[in-house]
1. Please tell me if Val198 is part of a loop (DSSP other than H, G, I, E, B), modelled with pLDDT of 95 or more and at negative phi.
2. One residue is enough: does the stretch 183-194 have a residue meeting the conditions surrounded by 22 or more Cβ atoms within 10 Å (Cβ to Cβ), assigned by TED's automatic domain parsing to the domain that holds Glu87, in contact with a strand residue (DSSP E or B) (Cβ under 8 Å, 6 or more places away or on another chain) and part of a helix (DSSP H, G or I)?
3. Within the stretch 1-47, how many residues turn out to be part of a helix (DSSP H, G or I), of a type in the set (D, E, K, R) and in contact with a strand residue (DSSP E or B) (Cβ under 9 Å, 6 or more places away or on another chain)?
4. Could you tell me whether Arg19 is without any contact (Cβ under 8 Å) to a residue 40 or more places away in the chain, charged (D, E, K, R) and surrounded by 13 or more Cβ atoms within 10 Å (Cβ to Cβ)?
5. Would a scan of the stretch 213-233 turn up a residue that is part of a loop (DSSP other than H, G, I, E, B), under 30 Å from Leu168 (Cα atoms) and at pLDDT 95 or above?
6. Quick one: count up the residues across the stretch 112-166 that are acidic (Asp, Glu) and without any contact (Cβ under 8 Å) to a residue 24 or more places away in the chain.
7. Return the total of residues in the stretch 139-167 being surrounded by fewer than 22 Cβ atoms within 10 Å (Cβ to Cβ), within 19 Å of Gly66 (Cα to Cα) and among the hydrophobic types (A, V, I, L, M, F, W, C).
Amino acid sequence: MRTEDASPRYVDLDAWEGRDILQALWEGQLAAVAAVGPALAEIAAAAEAAEAGLREGGRLVYVGAGTSARIGVQDGAELPPTFDWPEARLGFAIAGGEGALLRAVEDAEDSGADGADWIARAGIGPRDVVVGLAASGTTPFTLQALKAARARGAVTVGISNNPGTPILREAAHPILAATGAEVLAGSTRMKAGTAQKVILNLFSTLLMIRLGRVYRGRMVAMRATNRKLRARGVAMVAELARCDAETAADALGRAEGDIKRAVLIAGGASPARADDLLLRHDGNLRRALGEAARP
C-alpha cells in the first residue's frame, strides 16, 4: 500500500472507542519506526557521501514542502546548538517560504520552478549536500530542487515513503521507508512523517559523529548557552578529563566555553596547544587527546 491509500481495516475508525483508535495510531507509529530498519545501509551510504563534501566546507540543505519541510527544519535547527554546526552552512528550501512553516501554503509545492530557482540563488555546488523529503516522492518543488542540485554536482539525498518514485530515482542516495497506508488515510504527518524524522535523526547524528563532534558518546561540540547546558559542560569536562568539578569549570572558562578545548586544557595543555591539536586533527577530540598523551 502507498501513502495515499485507504486501509479497509480503518473504514469505521470514527465509530471506534477512543482507546481502540489510540491503539491503532500507536501501532502505526511503531510500524513507521520499523520501516526505517531496511534503509540503514542507504542512510549510512548517504552520510558517508555527505561527510566528504562537508569536510571541505560544504553546506547542508534540507528541501521540502508542508510536513516534510517542517520535519527538515526541526532536524536542521538542532544542529547548531547540539553540534556547533555553523548556521551559515545550513540551508532550508521551503515551498512557500518560511511563512509556510506556521501556516499551510498548499499550492506552493506544485512549483518545480521555485525549487530549482532556490538552488540556483543559493549557488549550490559540488561540496554541498541537499536532502529532499517528500512522502509521496513526487512533490514538484522538491523534485526539481534535487534535479538542479545534482546538475550542479551536489550530493543529493532523497527520502520518500513510496517505492519507485521520481524523487528516489533522481537522488544519488535514495532512502525509502515504505510506511504504507496511514491509519487516517492520506495523513502523512503520521506514519510517513515519523519515519522521515527517524531517518533524519539517524542521518544527521551519524554525520556529526563522523565529523568529530561527538566523543565517548558525549556532545562535546554543543553550545553551553544556558545554566543547564553550562552545568552539563562542566560535568562533561570533569568526566572526560578525569578531574574535579572546580578544575573542569576553570578549564571551561579558559576555553571560553569550548568543551573540546576545555578537556585538553584540564589535561594539562595550554589554550594555544589545545587549539593547535584540534586544528591539526580537524576538531577530532579523540585524535587530539591521543597526540597530547604521547611523550
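1. Values: part of a loop (DSSP other than H, G, I, E, B): no; modelled with pLDDT of 95 or more: yes; at negative phi: yes.
Criteria not met by Val198.
2. Yes, the stretch 183-194 has at least one match.
3. So in the stretch 1-47, the residues part of a helix (DSSP H, G or I) come out as 8-10, 13-15, 18-34, 37-47.
Applying the additional criterion that residues be of a type in the set (D, E, K, R) yields 9, 14, 19-20, 27, 42.
Those still in the list that are in contact with a strand residue (DSSP E or B) (Cβ under 9 Å, 6 or more places away or on another chain) too: 42.
Counting residues in the stretch 1-47 that are part of a helix (DSSP H, G or I), of a type in the set (D, E, K, R) and in contact with a strand residue (DSSP E or B) (Cβ under 9 Å, 6 or more places away or on another chain) gives 1.
4. Details: without any contact (Cβ under 8 Å) to a residue 40 or more places away in the chain: yes; charged (D, E, K, R): yes; surrounded by 13 or more Cβ atoms within 10 Å (Cβ to Cβ): no.
No: the conditions fail for Arg19.
5. Restricting attention to the stretch 213-233, the residues satisfying the condition of being part of a loop (DSSP other than H, G, I, E, B) are 213-214, 216-217, 219-226.
Still in the list and also under 30 Å from Leu168 (Cα atoms): 213.
Going one step further and asking which of them are at pLDDT 95 or above, we end up with 213.
Among the residues of the stretch 213-233, at least one is part of a loop (DSSP other than H, G, I, E, B), under 30 Å from Leu168 (Cα atoms) and at pLDDT 95 or above, which makes the answer yes.
6. First, pick out the residues of the stretch 112-166 that are acidic (Asp, Glu): 114, 117, 128.
Still in the running and without any contact (Cβ under 8 Å) to a residue 24 or more places away in the chain: 117.
Going through the stretch 112-166 one residue at a time, the tally reaches 1.
7. 0
Results for (1) aliphatic (A, V, I, L, M); (2) over 15 Å from Ser204 (Cβ atoms); (3) not assigned by TED's automatic domain parsing to the domain that holds Glu98, shown as yes or no for each residue.
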position: Ala15; (1), (2), (3): yes, yes, no
position: Gly28; (1), (2), (3): no, yes, no
position: Ala34; (1), (2), (3): yes, yes, no
position: Pro38; (1), (2), (3): no, yes, no
position: Ala44; (1), (2), (3): yes, no, no
position: Ala49; (1), (2), (3): yes, no, no
position: Val61; (1), (2), (3): yes, no, no
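The values are calculated or read from the model by the stated rules, or taken from the named source; none is laboratory data. Treat the numbers as computed from the prediction; the structure is a model and nothing was measured. Note that we place each Cβ from the backbone using ideal geometry, even for glycine, and neighbour counts take in every protein chain shown.
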